[in-house]
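Asker: The structure's right below; bear with me while I get my questions together.
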Amino acid sequence: MSTQAESKPWTVPALAEAKHDGRKLVMLTCYDNSFARILDANGVDLVLVGDSLGMVVQGHDSTLPVSVEAMVYHTRIVGRGLRHALLVSDLPFQSDATPERALDASVQLLQAGAEMVKLEGASANKLEVIRYLAERDIPVCAHLGLTPQSVLKFGGYKVQGREEKAAAKLRADARAVEEAGAQLLVLECVPTSLAAAITADLSIPTIGIGAGPGCDGQVLVLHDLLGLDTGHRKPKFVKDFLAEGGSVAGAVRAYAQAVRDGSFPDQAHSYA
Ligand code: KIV
């Protein structure tokens, strides 16, 4: 398995090249240095310091309590473990409420080692924030579908875009975030056919989580990949790779291989 991660460090422009060449992108969340070094050495292209750390590291019921300070801390310790993978960090709840706040938080994250920031949603306000950051040379990853910071509005963690009108809105939102300047898009919990259509619509890569095999890459929460009990219900798209991998490094390699050869996610780990 020869990957860019084994030869030279990933860059933001290389993401679009990977999509153009039809090379799948392998992404995992990570929150500490030891795991960062394992991911980096075992074929992961992008590492996400997700605000999911609020749920899997800090023991909260949602991502809402996560602070910029916590994101900066975890970004710094993960970043020290990476030589090849591109480091993406989440803008936590309401740190992207205004362009100025988002810029302040993004600068802190980039100075801690992030190479791209991720933010949820495509409201007029969020599009303005994406534009504002992109114009200031801050690479942005958008996140649509089930956006966990909107859990109170959604009334739970539910598949998004199942009805025709909602699907059309998601497709329009995806085009809008690309137009605003996002260079990567995470699609969470959307039907396989919708995620594939969005992927075909865009020139930026899509990364799916519960979005089927038609995306340009995949991401999972590290604890889910390792079958760890986080105290939260496991969604359908989660697969424990530790059993087949035999070790943490083996599980990461098995996941990377399965994403690259298209065997993960299969139908059993996707939504119709
Ligand atoms: O916070 C996170 O881990 C995420 C992924 C689930 C995409 O946003």
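Asker: If you take every residue apart from residue 213 with its C-beta less than 10 Å away from the C-beta of residue 213, what net charge results, scoring Lys and Arg +1 and Asp and Glu -1?
Answerer: Its environment carries a net charge of 0.
Asker: How long is the chain along each principal axis, judged by its Cα atoms, biggest number first, in Å?
Answerer: 46, 41, 39
Asker: Please compute the modelled spin-label separation between residue 154 and residue 123, points set 7 Å along Cα→Cβ, answer in nm with one decimal.
Answerer: Simple spin-label model gives 1.6 nm for this pair.
Asker: So what is the relative contact order of the chain, in percent, for Cα pairs below 8 Å that sit 6 or more residues apart?
Answerer: 18 percent
Asker: What dipole magnitude, in Debye to the nearest 20, does segment 3-269 give about its Cα centre under +1 on Lys/Arg Cβ and -1 on Asp/Glu Cβ? List each step's numbers first, then the result.
Answerer: On the way: 26 positive and 32 negative charges, 56 e Å.
Once rounded to the nearest 20, the dipole reads 280 debye.
Asker: Count the net charge of all other residues whose Cβ sits under 13 Å from the Cβ of residue 34, scoring Lys and Arg as +1 and Asp and Glu as -1.
Answerer: 0
Asker: Follow-up. Would you mind calculating the gained length between residue 17 and residue 100 on full extension (0.36 nm times residue separation, minus the Cα-Cα distance), in nm to one decimal?
Answerer: Stretched out fully, the residue 17 to residue 100 stretch lengthens by 26.8 nm.
Asker: Follow-up. Can you tell me which of 243, 256, 182 moves the most in a GNM of the chain? Springs connect C-alpha atoms under 10 Å apart.
Answerer: Comparing 243, 256, 182 in the GNM, the peak value goes to 243.
Asker: Which value, in debye to the nearest 20, gives the size of the charge dipole of segment 157-272 about its Cα centre, when Lys and Arg are +1 and Asp and Glu are -1 at the Cβ? List each step's numbers first, then the result.
Answerer: On the way: 12 positive and 14 negative charges, 49 e Å.
Charge dipole, segment 157-272, about its Cα centre: 240 debye, nearest 20.
Asker: So, one more: Would any residue of segment 33-56 have its amide N under 19 Å from a label point 7 Å out along Cα→Cβ of residue 69? List them or say none.
Answerer: 51-55
Asker: Could you compute the FRET efficiency for residue 80 and residue 60, with r as their C-beta to C-beta distance and R0 at 25 Å, rounded to 0.05?
Answerer: Step by step, r from the Cβ atoms, then E = 0.50.
Asker: Residue by residue, what Karplus-based ³J(HN,Hα) values in Hz, rounded to whole numbers, does segment 140-145 have, using 6.51, -1.76 and 1.60 with θ = phi - 60° and x for Gly and Pro?
Answerer: 10, 9, 8, 9, 10, x
Asker: Under a plain spin-label model, where a point goes 7 Å from the Cα along Cα-to-Cβ, how far apart in nm are residue 240 and residue 203?
Answerer: My value for the distance between the label points is 4.5 nm.
Asker: I would also like to ask the following. Using Cβ contacts closer than 10 Å as the measure, can you line up 232, 223 from fewest to most?
Answerer: In order of increasing Cβ crowding within 10 Å: 232, 223.
Every number in this text was worked out from the coordinates using simple rules, so none of it is lab data. In this text the structure is predicted, and so the values were computed from the model without any measurement. Glycine also receives a Cβ, built like all others from the backbone with ideal geometry; neighbour counts cover every protein chain displayed.
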